[in-house]
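Colleague: Shown below is the structure under consideration.
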């Protein structure tokens with residue numbers, strides 16, 4: 001019997017429908033409001049749709065996410081810039097690889113909750129309402145370091161030896177090797193490793209016992225993350241087709 005391959009989008013759609021169905025079932029059975037109150041920690045999907053679209057709160061979504069996205073983007077640039085600089089140091093001074101790798105591992109293992117508490121005291125938050133928070137920028141940079149350092153070092157060291165020899169034979173130095181060969185190699189590893197703010201809004205909604213609002217913000221976070229993941233996947237396909245398995 002021939003096996004029928006289900007398209008990826010069909011499987012994703014079926015999974016989403018099943019997930020929403022389970023969510024709805026739990027909201028109607030296991031998390032029903034107690035007598036005398038309308039509060040439930042797990043609102044129904046319709047309550048979330050009502051909060052977003054019927055009440056019109058979706059219109060202010062960008063104002064909620066813009067400071068957080070801005071802080072994440074700035075931290076992303078800082079974190080990856082520092083990580084690439086550390087990986088370059090390893091390329092120039094190979095004996096530093098162990099130390100720099102350990103530094104990267106430490107940044108990965110640090111508990112974000114503890115680091116966040118310390119950094120808010122040292123760095124502070126946003127200077128003005130709506131500005132990106134210095135602490136959020138620092139934390140976003142911190143979580144980028146490990147994956148980028150490891151991916152960049154792997155890319156630098158996995159450069160094709162024959163291509164490096166060709167550059168050397170034609171009179172190219174280490175800088176030419178870096179531009180012509182090593183950066184191309186590191187690009188695939190690096191991109192493959194990536195794939196008023198949200199916080200105050202969540203605190204306000206939790207204080208108001210607005211579970212539908214809290215769930216709506218969580219779901220919007222997931223939507224923004226999926227969009228960003230998809231954009232990076234598209235970037236990988238366009239910039240490094242050999243990583244995506246396409247013919248060059």
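The values are calculated or read from the model by the stated rules, or taken from the named source; none is laboratory data. Computed from a predicted model, the values in this text were never measured in an experiment. With ideal geometry, Cβ positions are generated from the backbone for all residues, glycine too; neighbour counts draw on all protein chains shown.
Colleague: Only one of these conditions is not met by residue 128: (1) crowded, with 20+ Cβ neighbours inside 10 Å; (2) outside any helix (DSSP H, G or I). Which number is it?
Modeller: For residue 128, the exception is condition (1).
Colleague: Suppose we filter 23, 9 for residues that are closer than 20 Å to residue 219 by Cα and exposed (fewer than 10 other Cβ atoms within 10 Å of the Cβ); which single one remains?
Modeller: 9
Colleague: Something else about it: Looking at 199, 173, 188, 130, which one is within 17 Å of the chain's Cα centre (by Cα) and at pLDDT below 75?
Modeller: 199
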